[in-house]
């Protein structure tokens with residue numbers, strides 16, 4: 001009978017290797033929560049939920065983080081006609097002259113969707129509109 005030349009395993013060492021380090025687990029949990037909060041902000045902006053939008057922004061969720069298509073919460077709010085949400089996002093530093101993967105700004109989406117209140121709000125907030133003078137008829141200039 002042959003005996004093994006390996007030393008017997010030490011109880012504490014192998015268990016520590018099998019379990020993930022606590023810091024990594026905490027970081028993974030924080031990243032998962034942050035991703036969930038960001039998705040929640042997109043959803044709240046899309047649905048026009050001002051209270052939830054404000055709470056998430058107050059908790060530190062980034063108002064300018066884009067999704068995989070370059071859309072930000074302000075794009076969702078503008079498309080849905082949620083002027084109060086747009087105001088809240090602007091108050092927390094949302095950029096208003098950003099484009100998504102299709103080249104649309106929040107102003108474009110509000111115009112396309114016929115949300116006059118959102119268009120007015122975005123224009124008063126300082127949205128760049130390089131075609132604005134050319135859209136007006138001569139009698140309105």
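The C-beta contact set for region 113-135 (first residue within 15 Å of residue 84 (Cα to Cα), second residue assigned to a loop (DSSP other than H, G, I, E, B) and modelled with pLDDT of 95 or more, distance under 8 angstrom, 6+ apart or interchain) comprises 115/81; 117/81; 118/81; 118/82.
Among the helices (runs of 4 or more DSSP H) contained in region 1-103, which hold 2 or more residues that are at pLDDT 55 or above and either touching a helix residue (DSSP H, G or I) at 6+ places or on another chain (Cβ under 6 Å) or exposed (fewer than 10 other Cβ atoms within 10 Å of the Cβ) (or both)? Ranges flagged: 22-47, 50-58, 73-80, 83-91.
Among the residues making up region 109-141, those that are at pLDDT below 50 and part of a loop (DSSP other than H, G, I, E, B) are 136, 137, 141.
The values are calculated or read from the model by the stated rules, or taken from the named source; none is laboratory data. What you see is a predicted model; the values in this text were computed from it and never measured. Positions of Cβ are backbone-derived with ideal geometry, glycine not excepted, and every protein chain shown enters the neighbour counts.
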